[in-house]
Each structure stands twice: as C-alpha cells, then as structure tokens.
Amino acid sequence: MVGVGGDRALRRAARGGAGRPGTHSDPAGERRRRVAGTGEQDRGNTGEDTGEARGNFGPRPGSAWEGASGTRPGLCPEVRAYPGGVTDSPPRDPTTAGSSAASSSAGPVPRAALAAVPVILLHLLPRRWRLLRPRLGGPRVSRRTLLAAAGVAALGAVAWGAANVLDAVQGGIRRFTGSRWLPEGGIPPPTTFYGEGIPSLDAAAWRLRVTGRVTKPLMLDLRTLADLGVADTEDAVLDCTSGWAIETGWRGVPLTAVLDATAPAPAVAGRRVLVRSVTGWSAELPMDEARGAFLATGVGGLDLPAGNGAPCRLVVPDRRGLDWVKWVTEIRVA
C-alpha cells in the first residue's frame, strides 16, 4: 500500500497531471494509451499471451503500459498501471467475480466457526465435569458439629449397653435374630396371626390329606399317622416373629415317612411340598428340606396344645416360626 501523499500523486497522474504546476496535460495521448492498454487486455484474454496465465489483466511485455521495471514510469514500484486506472491490485475477471466474491464471503466464515468449536468445547466441558463430580470445596465441618456427633454416638453406645445389661439381669438374653430367649424345655406361648382366634378342631374327626403328584394319595387320621412311625423327641428352636425364641423337644412323625407312603413319582426329588393349615395359611418347602421336617403331635413331653397347633403341627428346624404351620390339614406334592 502507498501513503497518503503517494495516493494523491497517483490520482493526479491518472488525471494526466491536471492541476500540478509545471506538468503538461495531454488528454488525447492518455486516451490513446488507454485504448492501447485495452487492446493488450483483449489479446491477453484471447489466449495470445503465452507467458502469463489466462485471465491475467496485467500489461504485456513491451506494451505502452510497461516501463523498464514492469511499472508505469514515474509511479511507485508497488503500484501497477492497469487499464481503467492506476491501482495497487489487478481488476477482477467478470466471469469469476461472482465465485470469488462468494468464496471470500462464505469461505472464511465456516473456517472461523470450525476454529471456534474447540474453544467452545474447552469452555463448556469443565462446567459439565463440575456438574457430574461432587464438589470438592464444600462446607467444612466445624468442631462443634464433630463434638455433637461424637456425643450422640457415645449416648447411643451407652443406651445399647444398658439395654443388654437389663436383658441379662432379667434373664432375657437375645438370639442373633433379636428374639428374646425363653426358658429351655417349656411349652411355647400360644400365638395367632393378627389376633385371630384358635380354631376348634375335633381330634377324632381330624383328617390329613396327602395329594398332588403322587402315585397313592392318602387320607390319614391320628392313629394311621402314628402307624407310619413316631420318631423320638427331637429338640428344635422355635423362633417366633413376635419376638421370642424357645428350644424344646418335639414329638411326631417325620414328613419323609408320609411322603414315602404316597409312592411319589421317580422324578419327585426335584419337586416341592406345600403344607396347608385349616386357616388357609401355608408354607412351601423344597423336597430335600421337606424330608428334614416332621409333623409334631406333642411338645415338651405333653400332647400338643390347641394353641400350639393340635392335633398336628409342622416343625421345620432351619426356619423361623412363620413357616411352622399349625393345624395342618393338607400336604400337596407339586
């Protein structure tokens, strides 16, 4: 680019030196030179100029527009004289003006937008990380809060120890399930679900049905049940969900003897056994576990009380009292 003074000189030179003291103005000669330059441009556009690329509007060698150094004599070397005026840039080709304008207006904008994408991502990603990560600089816990929490924990430990001592003094040591131990060898307290009454059953009229996928269904009374083989008294722990547990002796018939009497199918080993009460309550056991249970008709050296499920109650040593079905009336192999 040229300075301000040079620009004025160029404009005066383009006007043929008009208004410049001591400069001769030759309008006719200027027009002749312009016409000659136009002819040179036309010849260049027709492909006669083999020395430069097609569409170059610069002056041809030896033309009236070229001086010794390729510029118009008397002008700055950086500025060339082109047809239509003196300027520091060549005129645009009318056939490519639209495409070059479109490329100059559309080309840099997408590049600038693509260049801004990493910057925007780098600006946004830390914020997203801060949303996903917990705050590292959260509020600090004061000494007063720590002391208060320690005091509450200490009071809880003291209360827990005092409760255990009180249970031990009263003879109420608890089992790992939280149930309080009752004196060993006694009769369990009678319990029912949701305050239901104890059903009244006639032991002489009571029957036990054994059905399901068996070869020989059975209908047993107390005498025929005992004929299957009453086992010796077996100690088992009844852990009631109401909060107490007792270990005592139970007398009855092993459930495996009842199942064998029905002649179950050969594939019955993988089946299950459903034991149902007269009240509708039931428990389902795998076949292997069912063979370890028994039907009790006595407890603590006495006949089974009505409140404990007389005339027949299911005893499952490895389960809590919820599955010790009382008042058993049906056994179904499924």
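In table form, for the structure just shown:
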read-out	value
Test: residue in the range 317-332 that is of a type in the set (K, R) and not in a loop (DSSP other than H, G, I, E, B)	yes
Count of the range 251-266 residues which are in contact (Cβ under 8 Å) with a residue 40 or more places away in the chain and either closer than 19 Å to C312 by Cα or outside any strand (DSSP E or B) (or both)	11
Single residue of A168, A236, A205 found to be free of Cβ contacts under 8 Å to residues at least 24 places away in the same chain and within 51 Å of the chain's Cα centre (by Cα)	A168
Which numbered condition T248 misses (of (1) in a strand (DSSP E or B); (2) free of Cβ contacts under 8 Å to residues at least 60 places away in the same chain)	(2)
Filtered residue count, the range 219-245, keeping only those that are outside any loop (DSSP other than H, G, I, E, B) and small (G, A, S)	4
Residues (more than 21 Å from W327 (Cβ to Cβ) and at pLDDT 90 or above) located in the range 216-236	K216, D227, G229, D235
Among residues of the range 194-236, those that are crowded, with 16+ Cβ neighbours inside 10 Å, within 24 Å of R319 (Cα to Cα) and touching a helix residue (DSSP H, G or I) at 6+ places or on another chain (Cβ under 8 Å), counted	4
Selection within the range 307-324 - small (G, A, S) and farther than 17 Å from C240 by Cα	A310
Checking P134 against (1) at pLDDT below 85; (2) within 22 Å of K326 (Cα to Cα), the condition it does not meet	(2)
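The values are calculated or read from the model by the stated rules, or taken from the named source; none is laboratory data. Quantities reported herein were computed from a predicted structural model and do not represent experimental measurements. We place every Cβ from the backbone using ideal geometry, glycine too, and count neighbours over all the protein chains shown.
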